[in-house]
1. Helix A:141-158 against the longest principal axis of chain A: what's the angle in degrees, Cα atoms only, rounded to the nearest 10?
2. How many angstrom lie between the C-alpha centres of region A:152-176 and region A:320-348?
3. Separation between the residue B:48 and residue A:241 pseudo-spin-labels, each 7 Å from Cα along Cα→Cβ, expressed in nm?
4. Among the trypsin sites (Lys or Arg not before Pro) within region A:1-98, which fall in a DSSP loop and have no more than 11 other Cβ atoms within 10 Å of their own Cβ?
5. Can you work out which chain A residue has the shortest Cβ-to-axis distance for the rotation that carries A onto B, and give it in Å?
6. Please find the FRET efficiency linking residue A:258 to residue A:211, where r is the Cβ-Cβ separation and R0 is fixed at 22 Å, and quote it to the nearest 0.05.
7. Cα centroids of region A:1-67 and region A:108-147: how far apart, whole angstrom?
8. Can you give me the angle between helix A:340-356 and the longest principal axis of chain A, using Cα atoms only, in degrees from 0 to 90, rounded to the nearest 10?
Number of protein chains: 2
Amino acid sequence: MTDREVLDTILTRAASPWMDGSGRLSDVVLSSRVRLARNLKDVPFPHLLRGDDAKEVMFRIRKAIDSVNGKGAWGLLHFVDLEDLTHLDRMVLVEKHLISPQHAQPGAGKGLAFREDEVLDIMINEEDHIRLQCLYSGLELEEAWVAASGMDDLLEEVLPFAYSDRLGYLTACPTNAGTGLRASVMVHLAGLSMAGQVGRVLTAVNKVGLVVRGLYGEGTEGQGNVFQISNQITLGQTEKEIIDNLSTVAQQVVSEEKRMRETLLRSNRQEVEDRVWRSMGILTNARALTSKEAMKLWSDVRMGVDMGIIPNLTVKQINEVMVMSRPHFVQKVSGREMPPSERDTKRAELIRHHLSTKSR
Amino acid sequence: MTDREVLDTILTRAASPWMDGSGRLSDVVLSSRVRLARNLKDVPFPHLLRGDDAKEVMFRIRKAIDSVNGKGAWGLLHFVDLEDLTHLDRMVLVEKHLISPQHAQPGAGKGLAFREDEVLDIMINEEDHIRLQCLYSGLELEEAWVAASGMDDLLEEVLPFAYSDRLGYLTACPTNAGTGLRASVMVHLAGLSMAGQVGRVLTAVNKVGLVVRGLYGEGTEGQGNVFQISNQITLGQTEKEIIDNLSTVAQQVVSEEKRMRETLLRSNRQEVEDRVWRSMGILTNARALTSKEAMKLWSDVRMGVDMGIIPNLTVKQINEVMVMSRPHFVQKVSGREMPPSERDTKRAELIRHHLSTKSR
């Protein structure tokens, strides 16, 4: 398969291996992500690069990647120049968490190196020259860190990174300097949300210096009761400290969520089951679903699967509904752009067929 | 089978032959009913009868029925003394439209003669000594009238009815005097209701001298968008005029409803399909359903079946959900009385199992 063919496979499949429901505490933690920001020494940061210079940087990084490609345990990377992609394709990459919304903006010299299993990828000329990220299912920050760090070591052998003994890795935005590490976990807090307790818990998370965002970063707060918790500080702590700290807080959040789910089942089993099954009924029967409603229903059903209320449906199957709820993915698999109302119809159809062959 | 066994069969089945979806215009007209009020000459009306006297009257009428039982085309009547039934059983008879709420009240000398197929029955010592009714699926007032009248003729041969040449049949309440005939149709006005037009149509019906009530008479207005239209006047018109008049008005209402359904499909097909399927989804998945919500969902699904949106589900099957939505029927088939919340759970279970084996 060519790089483009591999990409097309990724763009049209709802399943991402890192969303397969495996990994520790995966009934609450959807995924763990580790991202490293790196820049080339003696080259202006991307926002200061003009077209051809940006392309030159991309070419140089790509060559470096090629030179180490397939080495170690880090698998084979494919490559795509984002200028060769349509707007729709780039937006699907955002929806699949492979690139950032910023990286999807038009511009020269933006590249993406990616593994077929979507677990590891490298954005070239995003805010920094290199943004390397690893995604794992469940609470597996250390695994993700080991993978990202291993790939980073390989690259460091062939690329001169901007590094200061005093500050550590230098980055376009000072908030990333130092380790250049942003670690995050996506947690599904349906129980706390049902009990009206999610605000309290997330405020506490904020107080210990971590940042809480929605499924797709800022502005998507809590769609489907999914929250992303990440470290604020990249400087003055070691990578291990950052990962350990986030991991500890995530485990506390998971405990609170699980305790709440148990409480709900103990005191309101009837009501919880009714809500879960109603959402399942609507998700598998509606003829039109907005993105927002699909995620709301997804949240109930996903919790129902985790609680054992809905049998015959795997976490992997229901997680695919998250991707199907996204507007650009729906259009991509339909093969064309559509107005919102048509998308809602198509989304309902996709989800219905996906779930009806597998459930009940 | 003994009379009691036949009754138990009726009390525990959701299906009533007169609700099988047959008959003319049965996509809007659920059923037609003709009821005749008759009284014995020289005997006080029921509300003036004391215990033993009421029993005496019941015994006399029962003997008369027995003497003509099985004659003509009117089938075999079974008999039950309502005092031998539990409160729950009597309420199920009300829910199945076989007796009136008034007849279900405790009291001596109240009887019921009924056919196994629930199409014809006779309440003894309700408001009048005899209340003979026939129920048919669809708009079949004439058929119902012919059946009721035939049975009435048989009874008149063996019982002396209170009759005045000037007034016609005499009844406990003067509003029933004359023909003693109350004809009614049950119409399902889901389309008009969806378009907010049901009030306008029913006001027009009122203006031509007909009465509009809910599914179970006064106080149940419009549950499931089902309305009962009946004649107000029993005096000064012939039976044929009463039946023809009601039939004509019913056909006009049906036309308006059908026109509205066509308009909805033409201009809002997507939205109608979505609503119908969502209701189907909730009806087949919810773990708790109140009577009221079940009827609301029933209304959407029944219209969906009529419109061809939901295949693989017959009118008969969905009509059974109407009976399953009733509180006493749910308790009867469960074999015991239950608090409301438990009923809601049991109701959801009944409906879910009923529909899941047959639909999709």
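1. It is inclined by approximately 20 degrees.
2. About 39 Å separates the Cα centre of region A:152-176 from the one of region A:320-348.
3. Computed distance between label sites residue B:48 and residue A:241 equals 10.1 nm.
4. Sites meeting the loop and neighbour criteria: A:41, A:50.
5. Of all Cβ atoms in chain A, the one nearest the axis gives A:281, 2.
6. Efficiency, rounded to the nearest 0.05: 0.45.
7. 4
8. 70
The values are calculated or read from the model by the stated rules, or taken from the named source; none is laboratory data. No experiment lies behind these values; they were computed from the predicted model shown. Cβ coordinates were reconstructed from backbone atoms using ideal geometry, including for glycine residues, and neighbour counts include every protein chain displayed. Protein only, heavy atoms only, side chains kept; ligands, DNA and RNA dropped before computing areas. Shrake-Rupley method; radii C 1.70, N 1.55, O 1.52, S 1.80 Å.
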